[in-house]
Amino acid sequence: MQYFQSFCSLLWFVFPFSFFIFSSLYSTSFFLFYQEEGAFFHPMSYKYFTLRLKIFEKPKPSHNQNSANLSLNKNGKSKNLLHTQNKDVQVEKQEKNEKIIYLTIDDGPSPVTPSILEILEKEKVKATFFVVGVNCIKYPQYLKEIYQKGHLIGNHSYSHQYNSIYKDFKHFVEDFKKAQATIYKIIGVEPKYYRFPGGSLSRVSPQIKKFLDANGIVYIDWNAITGDSIKNHENLTPNQILKITTSTANKKNEVVLLMHDSSSKKNVIEALPSIIRTFKKQGYRFETIDRIQKPIQFKTKAASH
């Protein structure tokens, strides 16, 4: 009995101590595996069980993995951006390959203006009319009709007299402003485009060009002709006019075609439907000059005026 009591006393003393040692070792082993920002958690704590559950969860990516994914996303965005840029380049190339013709009609209005407008309406084409101030005073109703039908109006001087317009800078400015005022009085709009009588040749000084630029006026020349201003043009047949037109516009994706609105040039009006249909068959689209990306301006002497 005495031995039994001694044994029980020993157990009473050893068991708590053994349990403490065992639990300490058990806890320490998990302390080594479950730590967060330097803090340790007891195996029986809520935090411990939370961490145990995390073992079965999908591991979160490390900082390096996040960086890699971020790089991948950036590369993806870069690829998308590159694709967009390539697409823009393709669109730009496609636009450059488009065939556009700008029909420009000088010197009107005149008694034959209604005939020209009738053809344009029938063929569903818009043109740019570079009008002369003195003719606008003579035929204001035709200027109004041009504007009301949706065609673009440009300034082609007031007098169309070379000796007066190009005498000096002052004379040019006076003529230009008089034409602007005349056009505005009739249709309520001042043109933003100008065509020099005879084209922008050597007679047009840099000072004149700077004046137009300072006033927001764009001057336009041409790169194809109908032949209605060459010598003996009145003897040309409509077929000859068509041939001259297509030959001067040959292999150009962007054509600024010059023709005239005058009673002395009825043969070109007769040829106009054929000219329009021929260019349409060749894949050209007709536009007014305000749609041009880069104005056609002479670098060398013009072929005709």
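Go through the stretch 240-257 and count every residue that is of a type outside the set (Lys, Arg), in contact (Cβ under 8 Å) with a residue 24 or more places away in the chain and not in a helix (DSSP H, G or I).
The qualifying residues number 6.
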- Task: State which residue is most open to solvent (accessible area, probe 1.4 Å) when the search covers only the stretch 267-299 and only residues that are assigned to a helix (DSSP H, G or I) and acidic (Asp, Glu).
- Result: 270
- Query: Can you name every residue in the stretch 206-228 that is surrounded by 15 or more Cβ atoms within 10 Å (Cβ to Cβ), touching a Lys or Arg at 6+ places or on another chain (Cβ under 8 Å) and of a type outside the set (D, E, K, R)?
  - Reply: 217, 218, 219, 220, 223, 224
- Item | Selection from the stretch 109-147 of residues that are outside any helix (DSSP H, G or I), open to solvent by less than 10 Å² (accessible area, probe 1.4 Å) and in contact with a Leu (Cβ under 8 Å, 6 or more places away or on another chain) | 109, 125, 127, 128, 129, 131
- Within the stretch 231-251, restricting to residues that are open to solvent by 60 Å² or more (accessible area, probe 1.4 Å) and under 24 Å from residue 299 (Cβ atoms), the one that is nearest to the chain's Cα centre (by Cα) is 251
- Query: Is at least one residue of the stretch 195-202 under 29 Å from residue 253 (Cα atoms) and more than 32 Å from the chain's Cα centre (by Cα)?
  - Reply: yes
- Those residues of the stretch 168-200 that are touching a His at 6+ places or on another chain (Cβ under 8 Å) and either among the basic types (Lys, Arg) or open to solvent by 10 Å² or more (accessible area, probe 1.4 Å) (or both) come to a total of 1
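The values are calculated or read from the model by the stated rules, or taken from the named source; none is laboratory data. Everything numeric here is computed off the predicted structure, so don't read it as measured data. Here Cβ is always computed from backbone atoms with ideal geometry, including for glycine, and neighbour counts include all displayed protein chains. Accessible surface areas use protein heavy atoms only, side chains included; no ligands, DNA or RNA. Shrake-Rupley method; radii C 1.70, N 1.55, O 1.52, S 1.80 Å.
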